[in-house]
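A short worksheet on the structure shown next.
Readers should treat all values here as calculations from the given coordinates under stated rules, not as data from a laboratory. Note that this is a predicted model, so its numbers are computed, not measured. Neighbour counts run over all protein chains shown; Cβ positions are idealised from the backbone, glycine included.
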Amino acid sequence: MLDAPTRVVVTGAAGFIGSHLCERLLADGHQVTGIDSFSDYYARLRKQQNLRGVSAHRNFVLEEADLVDADLRRILDGTTVVFHLAGQPGVRPSWGGHFDRYVHDNIVATQRLLESLRETPLQRLVFASSSSVYGDAERFPTKETALPRPVSPYGMTKLAAEHLTFVYMRNFGIPATSLRYFSVYGPRQRPDMAFCRFMEALVDGEEIEIFGDGEQTREFTYVGDAVDGTVKAASADVVGQIINLGGGSRVTVNRVLDTLEDISRINVRRQYLPAAPGDPRHTGASINLARERLGWEPRVSLREGLANQWRWFQESRAGAAGAVGREA
Ligand code: NAD
Ligand code: UGA
């Protein structure tokens, strides 16, 4: 935990995880500058809604800028900790021409940020890496020492960004830590991610599309737990470390749908499609290092976290319907 209130920067502040992190840092008394380019991967309005809880806070400043050409020296002046969450996420859309976006937002943006940090005396840089760097791991739970071998272009760009943080740490002493998040979920989850898509289809009475036989497993991680580990990584003795943050157990997609059926009391109609290129068959985190070095433990069970996301999803749907009604 960061002991005293300090000045921090969160890149990707308007995103799913970044917006939760900003809320937590403000609640802890810090001065937070958010940077976000409002990339068009999903609707700008959603990102503005993500920021609703922080935008009016007196200790929050938002800089709308792309890290690749932002005036980072000015923005970073006086900052002690940088949480670097900005990036182009999503495993399945990273093929074809979309790849340029992944290179720009994950590799070039990270390199520009690191260049500007050469001049900034910093306590810590915390980088949001991904379980997708492992690809199809040979062993579960997967330790940080496993050979990373991504199976998607997305995973490859996240691994490149991880390596970049090491390169700048090694040469210029930037005190960096990389966290490998495992499939994060909860309120404000990105609309392209599984749980959001499942809930959308459920309330619209449509079939839920499952990529593959649904027996693939993921170590789903509740967003509040991911944020807690991220904050702890800013002050723990972990410079130079790479640390998994996983939810504590592996679950099949079929099992998630059973649980969602139970929570929502709506029958799920399932449509099984071919497995998606780039998706690893299984992910599963060894979280011993996070326990030992961060004093971190995931607290929220899949059932509890899914129920929270379902509640949020229904409320935001009702809010959107109300807004349309008022406009008509
Ligand atoms: P998100 O898309 O909701 O948030 C990312 C934000 O970064 C967006 O608001 C986007 O506008 C911004 N951004 C992108 N490129 C930028 C640039 N060049 N300059 C400034 N801002 C830029 O995604 P998320 O799910 O909140 O993920 C946050 C980070 O965590 C990403 O780096 C992602 O790769 C990583 N991650 C996410 C998960 C997950 O399950 N959600 C898992 C592993 C790793
Ligand atoms: C997620 C994030 O989207 C990535 O940005 C992140 O880097 C990655 O986690 C990670 O942990 O590193 P993913 O695991 O694909 O990627 O997350 P979901 O979108 O929640 O998908 C989970 C599973 O559900 C996958 O097996 C996927 O194939 C499946 N799925 C997804 C479906 O069967 N149907 C859908 O409509 C969506």
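The table that follows gives values for the structure above.
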| read-out | value |
| --- | --- |
| Test: residue in the range 78-91 that is free of Cβ contacts under 8 Å to residues at least 40 places away in the same chain, within 8 Å of ligand 1 (Cβ to nearest atom) and either in contact with an Asp or Glu (Cβ under 8 Å, 6 or more places away or on another chain) or of a type in the set (A, V, I, L, M, F, W, C) (or both) | no |
| Cross-chain or 6+ apart pairs with Cβ under 9 Å, the range 116-137 first and under 18 Å from Ile75 (Cα atoms), then surrounded by fewer than 24 Cβ atoms within 10 Å (Cβ to Cβ) and of a type in the set (Phe, Trp, Tyr) | Leu117/Tyr168; Leu117/Phe172; Arg118/Tyr168; Arg118/Phe172; Leu125/Tyr168 |
| Val61 farther than 18 Å from Leu125 by Cβ and either part of a helix (DSSP H, G or I) or out of contact with any helix residue (DSSP H, G or I) (no Cβ under 6 Å at 6 or more places or on another chain) (or both) | yes |
| Flag if Ala137 is under 23 Å from Thr230 (Cα atoms) and either surrounded by fewer than 20 Cβ atoms within 10 Å (Cβ to Cβ) or in contact with a Ser or Thr (Cβ under 9 Å, 6 or more places away or on another chain) (or both) | no |
| Strands (runs of 3 or more DSSP E) within the range 186-289 that include 1 or more residues buried (at least 19 other Cβ atoms within 10 Å of the Cβ), more than 20 Å from the chain's Cα centre (by Cα) and near ligand 2 (Cβ under 8 Å from one of its atoms) | 208-211 |
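Listed here are the residues, each with its yes/no results for (1) away from ligand 1 (no atom under 14 Å from the Cβ); (2) not basic (Lys, Arg).
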site	(1), (2)
Pro121	yes, yes
Tyr134	no, yes
Ala137	yes, yes
Glu162	no, yes
Gly186	no, yes
Asp192	no, yes
Arg197	no, no
Glu200	yes, yes
Glu206	yes, yes
